[in-house]
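For reference, the structure discussed in these notes is given below.
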Amino acid sequence: MLLGRKCRDAIYRVSTELPPISHSSMHETDMTKALIITVRDWWENQPEKPKISHVHLTVGQFTCVEPASLQFAFEVQTCNTFLEGAKLVIQETQLIAFCHRCQQEYRPEIGIQYACPDCNSPMEDIRSGRELKIDRLEYETSEERVIGNR
Amino acid sequence: MHQTFDAALGINLLHANQAEADHNRAHFDEWGISCLNVMSSPGAGKTVLLERTLAALSNQLKIAVIEGDMTTDLDAQRLRQYGVPVIAINTGRSCHLDAKMVAGGIHRLEQEYNPADFELVLVENVGNLVCPAEFEVGEHAKVALLSITEGEDKPLKYPVMFQEADCLLVTKMDLAPHLDIDVQRIVANVRQMNPDCTIIPVSAKTGAGLDSWFEWLRSQIHYTQSLQKQL
């Protein structure tokens, strides 16, 4: 089977059968696996098996996912699959918490301080930053198919 | 000619794992089993904690262990000496257990034993402070371990794990006199993001604190059983 150069290089660097050597840490590899499985579930339920061009994700800052590693793992792991060539578009969301005592939102400093900077109440109510969400998929289908569908 | 379409999904990236985890939990509930997911960095003392736990409780409670290990069977061998079923799951190069792997373990428990006989399943996750926090396996509660040799700042650096934990065991307390460590600071750092977590300092070596841990464990079993009665 002929592979695109990018894909071939990626396979050369990291085969999904071998431990990741560089760039992509292991948990992003597993996260990507979970992502592909979820998208595949959607895709298999489509009667036309469309060609997916973009996968749009929202990834919160307060998750265990590093977007750059995810991009790399996605490129590698989608080789030779129904997602080959699809672009991963990642929208990051900031960590925002709500302090009930102060009745206001604040931005915890990840790695430094999570409690409310004004009253020191613990971070209990996270309003944003925990997202790990597949927002939407962009896909293409040939015009004939669309007409055929109508 | 091609047309582009959009499909709004709005589903969690870990949707597939979550569904499998819920399925596992439904099995545990049906059998009246409490399941705890035990997590920490490598070397924090998960296996020795389980050894002490099995030694103290395996004649009072019916316990099974699901043991995640990247490549070896060593931890499982250590735990089998206590006469409880230990189902080893080789995660290969995966750095955490996921719900599907644990489902495989549950399946074996079902084949080889009568699962309704058990009250507690302890899942020992792969040593890692990052990913296990995101991959639920079907547990009723999460237990995190942090050894005092790891430093006070770890809860700040790996916040998701410590935010998710229902119980935190601060381990290797017997080493405290030899280290410049402020255990109160560890507690304060965890409290910044998880005010409700039960925090128990323990030493598997001296046995200090283990009674509190066993008490917490029993409270989890009673909690699950009372929930089951409501079903």
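The values are calculated or read from the model by the stated rules, or taken from the named source; none is laboratory data. Source: prediction; values computed, not measured. Ideal geometry is used to build each Cβ from the backbone, glycine not excepted, and the neighbour counts take in all protein chains shown. In case anyone asks, the SASA skips ligands and DNA or RNA and just uses the protein heavy atoms, side chains included. Shrake-Rupley method; radii C 1.70, N 1.55, O 1.52, S 1.80 Å.
Annotations for the structure displayed:
- Note that region B:1-146 carries a Kirkwood radius of 15.9 Å, evaluated over its alpha carbons pair by pair.
- Beta bridges from DSSP with both residues in the protein assembly as shown: antiparallel share about 40 percent, rounded to the nearest 5.
- Chains A and B, summed buried accessible surface - 1.4 Å probe, Å², nearest 100: 3500 Å²
- Think of each Lys and Arg Cβ as +1 and each Asp and Glu Cβ as -1; about the Cα centre, that makes the dipole of chain B roughly 340 debye.
- The amide H of B:C35, built 1.01 Å from its N in the peptide plane, has B:V121, B:H140, B:A141 as neighbours under 5 Å, considering only residues 5 or more places off or on other chains.
- Partner chain coverage, peptide A:50-57 - average Cβ within 10 angstrom: 2
- Relative to the current alpha-carbon distance between B:A116 and B:Q225, full extension at 0.36 nm per residue lengthens the span by 38.0 nm.
- With a 10 Å cut-off around each Cβ of B:194-201, the average count of Cβ atoms from other chains is 1.
- Peptide B:32-44 has a mean shielding of 0, counted as Cβ atoms of other protein chains within 10 Å of each residue's Cβ.
- Here each label is just a point 7 Å from Cα along the line to Cβ, and for A:F82 and A:H54 those points are 2.1 nm apart.
- Translational diffusion of region B:68-203, µm² s⁻¹ [Kirkwood Rh, Cα pairs; Stokes-Einstein; 37 °C; 0.692 mPa s]: 201 µm²/s
- Ranking B:I186, A:I96 by solvent-accessible area of protein heavy atoms (1.4 Å probe, all protein chains present), from largest to smallest, gives A:I96, B:I186.
- Taking amide H as placed 1.01 Å from N in the peptide plane, the amide H of B:I11 sits under 5 Å from that of A:I134, each at least 5 places away or on another chain.
- Share, in percent, of DSSP beta bridges within region B:1-129 that are antiparallel, nearest 5: 0 percent
- For region B:15-140, the dipole from Cβ point charges (+1 on Lys and Arg, -1 on Asp and Glu) about the Cα centre works out to 360 debye, to the nearest 20.
- Normalised contact order of region B:115-185, rounded percent, pairs of Cα under 8 Å and 6 or more residues apart: 34 percent
- Carbon + sulfur, % of accessible area of the protein assembly as shown - ligands and nucleic acids excluded, 1.4 Å: 48 percent
- Cα-centre dipole for the protein assembly as shown with unit charges at Cβ (Lys and Arg positive, Asp and Glu negative), debye to 20: 340 debye
- When Rg and Dmax are taken over the Cα atoms of the protein assembly as shown, they come to 22.7, 77 Å.
- Residues with amide H under 5 Å from that of A:I96, placed H, sequence gap 5 or more: A:R127, A:S128, A:G129
- Ranked packing of A:69-81, B:102-114, most packed first, by mean Cβ within 10 Å: A:69-81, B:102-114
- Rolling a 1.4 angstrom probe over the protein heavy atoms with all chains in place gives region A:59-126 an accessible area of 48 Å² per residue.
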